[in-house]
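This report refers to the structure that appears directly beneath it.
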Amino acid sequence: MGTSDAPHRGMDIDGARRAKAELAGFLRETVAARPSAQAAAAGPLLALGLAPRPDGGYGVAVRYRLGVPTARMLARRAAAHAGDVVDVRRTGRIRAVPPTTPHAGPAREGHGTHRADGDAPRPRPPVVTAQAVGETGRVRPLRPGVSIAHVDVTAGTLGAFVRIDGVLHALSNYHVLAGSPGAREGDVVLQPGPADGGSAPEDQVGTLAAFVPLDAGTPARVDAAVALLTDDDVVLEYPAGRVTATSTVLGAETVEKIGRTTGTTRGRITAIELDDVVVGYGPGTGDVSFDGQVEVEGLGDGPFSRGGDSGSLVYLPETCAAVGLLFAGSETGGENGAGLTYVNPIDAVLEALDAALEG
């Protein structure tokens, strides 16, 4: 259904934003006019953003989830309405690494747990230690790319080091360093994460210091948290050099990350400014909708990320400028069928935490 190879010339970015807004209005009217679509629309059915074109222009990115018939119908309506300006892709179900904490209670009834395809929310588990190619062992001094997690969470990735009020912290995702609505500041953070054999007190490297809460009923912009470190002796140059600057991506850039599961991988930005990206967090949080996100697909035959890479810093390999914080992905979708990865813009992450990259 994709139209990225269509001969239609891409729009400039402002024109694409206007086309995205017009298409969003058309889809709202379509859902309102169809009772069956309204019944299925407990949450957003499509994600809309801007898709870079080979000619340097833009189209409208339309993304729909696997196994949601109403979403597929709306994607077809969008393609018929907008024609060559759209780039339609099936994403698969987008998930984050799950908490395995005893204080993560059941998802609240009727709040963020509805699935149009009849499935309960299923999180994206981290790849088992033996099958991960990244750093799953105990690493001192700390460096980006290693396994880390809240004491009651499985495992994610330490993305970068930041300073808040002049104090050094480790940056990762909320669902890696906090994991559930029951998490509290001062909770123990381990390296490696519990799924990779980390345990307290031997492997404690810090405590949960700040996070941006997630709620299934509220659109989110970032999945982010920081841990206050017990030791300031860290490695900043690994893997590609010191990352001290940020960059706003415009689409089609080659990016890189180093993660606990897949190690160092490269990908291409396939969409920016994606709204209504629905991510499954499993029981305790449910499905959360994100706005303003960046989409990446892996270069070559493999995925850009897999479960356990959440929290990785995504950067431009030529300049080492940070572009985002990896937080979710699908196991299918994309041109190579290996899945798509979703990234919070790094400036939004730093602003939400009142943090600055350590350089």
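Miscellaneous remarks
- Simple label model, 7 Å out from Cα along Cβ direction - residue 291 to residue 266, nm: 3.5 nm
- Annotation: amide H-H contacts under 5 Å for residue 255 (H modelled 1.01 Å from N, sequence separation of 5 or more, or interchain): 267, 268, 269.
- Share of pairwise Cα separations in the chain, more than 29 Å, in percent: 36 percent
- For the chain, leaving out every one of the GluC sites (Glu not before Pro) that falls in a DSSP loop and has at most 13 other Cβ atoms within 10 Å, the longest unbroken run is 1-108.
- From phi via Karplus (6.51, -1.76, 1.60), per-residue ³J(HN,Hα) for the stretch 220-228 in Hz, x at Gly/Pro: 10, 10, 9, 10, 8, 7, 9, 10, 6
- Under 5 Å between amide hydrogens, built in the peptide plane, is the criterion, and for residue 148 it picks out 156, 157, 158, 193 among residues at least 5 positions away or on other chains.
- Per-residue ³J(HN,Hα) for the stretch 166-181, Karplus 6.51 cos²θ - 1.76 cosθ + 1.60, θ = phi - 60°, Hz, x for Gly and Pro: x, 9, 6, 9, 9, 9, 7, 8, 4, 6, 9, 8, 10, x, 6, x
- Three-way shape call for the stretch 153-194 based on the alpha-carbon gyration tensor, with the a/c threshold at 1.5: oblate
- Alpha carbon centroid spacing (whole Å) that separates the stretch 78-96 from the stretch 300-359: 21 Å
- Within the chain, helix-based [θ] at 222 nm, where runs of 4 or more DSSP H residues each add -39,500 (n - 2.57), nearest 500: -4500 deg cm²/dmol
- In the chain, excluding the sites themselves, the longest stretch lacking any of the trypsin sites (Lys or Arg not before Pro) that are in a DSSP loop with at most 14 other Cβ atoms within 10 Å is 10-183.
- Projected label distance in nm at residue 199 and residue 354, using a 7 Å step from Cα toward the beta-carbon: 3.8 nm
- Cβ-placed point charges (K, R +1; D, E -1), dipole of the chain about Cα centre in debye, nearest 20: 1120 debye
- Sequence-distant residues sharing a close amide H with residue 61 (under 5 Å, placed H): 49, 50, 51, 87
- Rel. contact order, % - alpha carbon contacts under 8 angstrom, at least six apart, the chain: 19 percent
- Per residue Cα convex hull volume in Å³ - calculated over the stretch 302-359: 95 Å³
- Of all DSSP-defined beta bridges confined to the stretch 200-359, some 95% are antiparallel rather than parallel.
- Comparing 246, 270, 136 in a Gaussian network model of the chain where C-alpha atoms under 10 Å apart are linked, the largest mean-square fluctuation is found at 246.
- When the surface is traced with a 1.4 Å probe over the full set of protein chains, residue 81 keeps roughly 80 Å² accessible.
- Cubic angstrom per residue, convex hull over Cα atoms of the stretch 254-317: 95 Å³
- Only Cα sites of the stretch 125-276 enter the Debye sum here, all with the same form factor; the resulting log10 I(q)/I(0) across q = 0.10, 0.21 1/Å is -0.35, -1.42, listed in q order.
- With Cα atoms, 0 to 90° folded angle of helix 13-33 axis to the chain main axis: 70 degrees
- Length gained on full extension, residue 332 to residue 167, computed as 0.36 nm times the residue gap minus the Cα-Cα distance: 55.4 nm.
- Around residue 317: net Lys/Arg minus Asp/Glu count, Cβ-Cβ under 9 Å: -1
The values are calculated or read from the model by the stated rules, or taken from the named source; none is laboratory data. Note that this is a predicted model, so its numbers are computed, not measured. With ideal geometry, Cβ positions are generated from the backbone for all residues, glycine too; neighbour counts draw on all protein chains shown. Each accessible area value is taken on the protein alone, full model and side chains, heavy atoms only, with ligands, DNA and RNA left out. Shrake-Rupley method; radii C 1.70, N 1.55, O 1.52, S 1.80 Å.
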